[in-house]
1. Pairs needed: first member in the stretch 254-268, within 10 Å of GLU221 (Cα to Cα); second member anywhere, surrounded by 19 or more Cβ atoms within 10 Å (Cβ to Cβ) and of a type in the set (Ser, Thr, Tyr); C-beta distance under 6 Å; at least 6 residues apart or different chains.
2. Is it the case that some residue within the stretch 142-154 is farther than 15 Å from PHE24 by Cα, in contact with a Lys or Arg (Cβ under 8 Å, 6 or more places away or on another chain) and not in a helix (DSSP H, G or I)?
3. I need the full set of residues from the stretch 21-49 which are in a helix (DSSP H, G or I), under 15 Å from VAL249 (Cα atoms) and among the aliphatic types (A, V, I, L, M), in order please.
4. Please list, ordered by first then second residue, the pairs with beta carbon atoms under 6 Å, 6 or more apart or interchain, first in the stretch 171-190 and hydroxyl-bearing (Ser, Thr, Tyr), second assigned to a helix (DSSP H, G or I).
5. Please work out if SER298 is of a type in the set (Ser, Thr, Tyr) and either surrounded by fewer than 17 Cβ atoms within 10 Å (Cβ to Cβ) or in contact with a Leu (Cβ under 6 Å, 6 or more places away or on another chain) (or both).
6. Got at least one residue in the stretch 163-179 being open to solvent by 30 Å² or more (accessible area, probe 1.4 Å), modelled with pLDDT of 95 or more and part of a loop (DSSP other than H, G, I, E, B)?
7. Among the residues of the stretch 11-38 satisfying the criterion of being of a type in the set (A, V, I, L, M, F, W, C) and touching a Phe, Trp or Tyr at 6+ places or on another chain (Cβ under 6 Å), which is surrounded by the most Cβ atoms within 10 Å (Cβ to Cβ)?
8. Please work out if GLY257 is open to solvent by less than 100 Å² (accessible area, probe 1.4 Å) and within 25 Å of ASP132 (Cα to Cα).
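The values are calculated or read from the model by the stated rules, or taken from the named source; none is laboratory data. This structure is a prediction, so every number in the text was calculated from the model and none was measured. Quick reminder, even Gly has a Cβ in these numbers, built from the backbone with ideal geometry, and neighbours come from all protein chains shown. The area values use the complete protein model at the heavy-atom level, side chains included, leaving out ligands, DNA and RNA. Shrake-Rupley method; radii C 1.70, N 1.55, O 1.52, S 1.80 Å.
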Amino acid sequence: MSVEQRPALVGLAQESIARGSKSFRTASRLFDRETRERAWLLYGWCRACDDIADGQDHGGTMQATGDPMARLADIRARTERALAGQAGLDDPAFAGGALVAAECKIPRRYMDDLIEGFALDAQGWRPQTEDDLLRYCYHVAGAVGCMMAIVMGVAPDDEATLDRACDLGLAFQLANISRDVAEDAAGGRCYLPADWLIEAGIDPTDPMAAERRPALAAVTERVAAMAARYEDSARHGTPKLPFRSAWAVLAAAGIYGGIARKVAADPQEALRRRLFTSKAEKLGWLLRAGTQAGRRTSLYPPAPRDPSLWNRPRQSARISEA
């Protein structure tokens, strides 16, 4: 990829985020220009990988994926090609991912860890325990949180701050899982731990059975409550960020956290329809997050991370063959 292609890659990444994530696009506007462009590039690569894996076009309803292992191989091959400098405007999302990885010195392990999440889905993997659930959330979102922190200037060896960034990714994914139980079931997937379902008297192979909806709502609420714990932990990493980055992170935390809070408030409704944060609610969080960012040192003072929270792997973790 030539330097001259960068503006075009950034422009295409901006178009991708405008189509794929209104919430992340809203929060990204708070970054300084350099960080914002890099965040768009990283998003573009993650979005493209996700769409290939799920047969989607910038999210939306999952389609039949044909051969999921072939799709996984495509993700890996295109990522390798891009990282080797062999992709450009012919494959802009992957070229953009390689560009931001080079500019920010993002360790390769985090890109590999994200792809491992797609490998799990390709194999039809389902979590059996809470630990399985959180490990999956790390692969599909926590690793992205670590990469985003590095994009915002966190040193790749600042493990404590990266733990908090990972926590935010976990919170986001847990919020999504709590919101999308019915949608996932319609697509033949279930991310609720099988042992939680069995404990609640729910058949893991048929979680949406009408007679067990109240019990399923309780399990859904449990996931939303877990999301809130990781969101709270993540907020304590914001004093390490520049003001504008902290503002964006806190806005995103409020917006995505709002989804989990709505699920927790009415889990039965979450099983009937997709919950979301409105434009007015997003604007409210943008304003509130600005105040929080200005007071982040006092609101979220340095404190040991809760030892009961799940710990991310310190080395690249291939779990898809386990």
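1. Between residues of the stretch 254-268 that are within 10 Å of GLU221 (Cα to Cα) and residues that are surrounded by 19 or more Cβ atoms within 10 Å (Cβ to Cβ) and of a type in the set (Ser, Thr, Tyr), the close pairs are ALA260/SER178; VAL263/SER178; PRO267/THR220.
2. yes
3. ALA27, ALA39
4. SER178/THR220; SER178/VAL223; SER178/ALA224; SER178/ALA260; SER178/VAL263
5. For SER298, the condition - of a type in the set (Ser, Thr, Tyr) and either surrounded by fewer than 17 Cβ atoms within 10 Å (Cβ to Cβ) or in contact with a Leu (Cβ under 6 Å, 6 or more places away or on another chain) (or both) - is met.
6. No: zero hits.
7. ALA13
8. For GLY257, the condition - open to solvent by less than 100 Å² (accessible area, probe 1.4 Å) and within 25 Å of ASP132 (Cα to Cα) - is met.
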